[in-house]
Amino acid sequence: MTDNSRAGYSTRAVHAGEVRFNEYGSITTPIVQTSTFIFKNVDEIRKLVDGDMERFEYGRYGHPTQLAAERKLAALEEAEDAVLFSSGMSAITTSLLFLLKAGDHLIITDDAYKRTLDFCKTYLERYDIECSVVKMCDYEAMEQAIKPNTRVFFSESPTNPYLNIMDLERLTNIFKSRDILVISDSTFATPYNQHPLKYGVDLVIHSATKYLAGHNDILSGVVLGAKKLTDPIREFLKITGGVIDPNSSYLLIRGLKTFALRMEKLNSNAQVVAEHLERHPRIKRVYYPGLPSHPHHEVAKRQMRGFGSVVTFEVKDDTEYALAFLSSLEILNIGPSLGGVESLITHPATISYYMHTPEEKLALGIKDGLIRLAVGLEDTEDIINDIDQALKKADAA
Ligand SMILES: *Cc1c(COP(=O)(O)O)cnc(C)c1O
């Protein structure tokens, strides 16, 4: 099944991108574990060079398992093409390095992924690429930040850890009459919950490490969009070299088979947990786009099918209390990342922002009582009970 544009979402997750009858008759797409592809004779080399033959040549230029995974992802994002990378950061850095050159200007929102912000603010500067950081959801500031040399606008939705939601239609309206490429890191939304390309976003990026692979076992990243935009990025990747290996490509395909099913359950698990936390006397505040109390709930409802698995909340504004809570958990694991089958919980003030001073954390809104929970696929009851018993222990500590 390769042309699957009309099939339902779960059918696409299971079948899209894969050859229906491969040469071995194996139902799974083989892991073609090779670094090079040999030629039967010199005539084949000639045909390849003349463009008369489509075939693989060398691992860094692409391989069959990668291609199947890319086609599946393109079908799920409803994009013309997908290019896979060895990590989400490889997808982001390779794309931005390709799209920008000395003298260009880039706009990025302030609550973008920390490493993406680092790259734009600290490293692109070294290549004489100027970067403006604007406040997330301040559409006037976004428009005012535009300069004659602005080439790229980069943002995310939802964002980490407050799950701010960008109104994608409003955003692309600002940029569409100008020669500025709009890129959206849609990792927290996934192609199950949101389709930024439909709103006029030019390129969508995901850390496929998270929901897409879904099992906390590989790193990968993907860029999706029109072929005229992804083709030159693919060419550039052949030089920068951050390619996904055959084994990870296979695990990504395998993870994607249950993508629709996982997302349904993650969306509903997180909604139930968020509602429970909002009622809980020990919880000061809950941030989840699926709750009417979230400042961007209406926009989220309009442009998303579900709201994902990340629920952020505040306990007592006290690091000792927050860490006692984490230490008392018996099922949820403490760790970064999200979107996998195992629930993961972090205390951003100590885990992700430990290099920042208290003043910097305050400016970023990272409070001492802030907890980010990436709900997994455990039974909803067990997740809730684990949180409740750990809060009780933290109270007693
Ligand atoms: C994790 C993440 C990245 C980086 O992806 P890696 O696969 O870890 O390199 C980028 N953006 C967002 C929103 C992420 O959550």
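Is it true that residue 198 is open to solvent by 40 Å² or more (accessible area, probe 1.4 Å), away from the ligand (no atom under 16 Å from the Cβ) and more than 18 Å from residue 306 (Cα to Cα)? Lay out the reasoning, then the answer.
Numbers: open to solvent by 40 Å² or more (accessible area, probe 1.4 Å): yes; away from the ligand (no atom under 16 Å from the Cβ): yes; more than 18 Å from residue 306 (Cα to Cα): no.
For residue 198, the condition - open to solvent by 40 Å² or more (accessible area, probe 1.4 Å), away from the ligand (no atom under 16 Å from the Cβ) and more than 18 Å from residue 306 (Cα to Cα) - is not met.
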Counting only residues in region 97-107 that are without any contact (Cβ under 8 Å) to a residue 60 or more places away in the chain and surrounded by fewer than 24 Cβ atoms within 10 Å (Cβ to Cβ), the one nearest to the ligand (Cβ to nearest atom) is identified as 100
Filter region 367-397 down to the residues that are in contact with a strand residue (DSSP E or B) (Cβ under 9 Å, 6 or more places away or on another chain) and of a type in the set (Lys, Arg), then identify the one that is least open to solvent (accessible area, probe 1.4 Å). 372
Kindly provide the set of residues from region 58-90 that are more than 16 Å from the ligand (Cβ to nearest atom), in contact with a strand residue (DSSP E or B) (Cβ under 8 Å, 6 or more places away or on another chain), open to solvent by 30 Å² or more (accessible area, probe 1.4 Å) and not basic (Lys, Arg), ordered by number. 58, 80
Go through the residues of region 109-116 one by one and say whether even a single one is of a type in the set (Phe, Trp, Tyr), open to solvent by 10 Å² or more (accessible area, probe 1.4 Å) and over 17 Å from residue 129 (Cα atoms). yes
Say whether the condition of being on the phi < 0 side of the Ramachandran plot and away from the ligand (no atom under 16 Å from the Cβ) is met by at least one residue in region 111-120. no
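Take region 10-40 and flag every residue that is outside any loop (DSSP other than H, G, I, E, B) and hydrophobic (A, V, I, L, M, F, W, C). Please lay out each step first, then the result.
Pass one, region 10-40, residues outside any loop (DSSP other than H, G, I, E, B): 10-15, 36.
Listed by number, the residues that qualify are 13, 14.
On the basis of being away from the ligand (no atom under 16 Å from the Cβ), without any contact (Cβ under 8 Å) to a residue 24 or more places away in the chain, open to solvent by 30 Å² or more (accessible area, probe 1.4 Å) and in contact with a Cys (Cβ under 9 Å, 6 or more places away or on another chain), does residue 140 make the cut? Walk me through how you get there before you give the answer.
Values: away from the ligand (no atom under 16 Å from the Cβ): yes; without any contact (Cβ under 8 Å) to a residue 24 or more places away in the chain: yes; open to solvent by 30 Å² or more (accessible area, probe 1.4 Å): yes; in contact with a Cys (Cβ under 9 Å, 6 or more places away or on another chain): no.
Taking the combined requirement at face value, the residue does not satisfy it.
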Residue among 52, 43 that is of a type in the set (Asp, Glu), open to solvent by 40 Å² or more (accessible area, probe 1.4 Å) and part of a helix (DSSP H, G or I): 43
Residue within region 217-236 that is outside any loop (DSSP other than H, G, I, E, B), acidic (Asp, Glu), open to solvent by 20 Å² or more (accessible area, probe 1.4 Å) and more than 11 Å from the ligand (Cβ to nearest atom) present: yes
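Residues that are assigned to a loop (DSSP other than H, G, I, E, B), over 18 Å from residue 137 (Cα atoms) and either touching a His at 6+ places or on another chain (Cβ under 8 Å) or not assigned by TED's automatic domain parsing to the domain that holds residue 159 (or both): does region 188-203 have at least one? Reasoning before the result, please.
Taking region 188-203 first, the residues assigned to a loop (DSSP other than H, G, I, E, B) are 188-189, 194-195, 200-202.
This time we only want the ones that are over 18 Å from residue 137 (Cα atoms), so: 195, 202.
Cutting the leftovers down to either touching a His at 6+ places or on another chain (Cβ under 8 Å) or not assigned by TED's automatic domain parsing to the domain that holds residue 159 (or both) gives us none.
Checked against the condition, which is being assigned to a loop (DSSP other than H, G, I, E, B), over 18 Å from residue 137 (Cα atoms) and either touching a His at 6+ places or on another chain (Cβ under 8 Å) or not assigned by TED's automatic domain parsing to the domain that holds residue 159 (or both), region 188-203 yields no hits at all.
Does residue 161 qualify as being over 13 Å from the mean Cα position of the chain (by Cα), over 16 Å from residue 139 (Cα atoms), assigned by TED's automatic domain parsing to the domain that holds residue 73 and open to solvent by less than 20 Å² (accessible area, probe 1.4 Å)?
Working: over 13 Å from the mean Cα position of the chain (by Cα): yes; over 16 Å from residue 139 (Cα atoms): yes; assigned by TED's automatic domain parsing to the domain that holds residue 73: yes; open to solvent by less than 20 Å² (accessible area, probe 1.4 Å): yes.
Taking the combined requirement at face value, the residue satisfies it.
The values are calculated or read from the model by the stated rules, or taken from the named source; none is laboratory data. Predicted model, so just to flag it, every value in this text is computed and none were measured. Ideal geometry is used to build each Cβ from the backbone, glycine not excepted, and the neighbour counts take in all protein chains shown. Note: accessible area is taken over every heavy atom of the protein model, side chains too, but ligands, DNA and RNA are not part of it. Shrake-Rupley method; radii C 1.70, N 1.55, O 1.52, S 1.80 Å.
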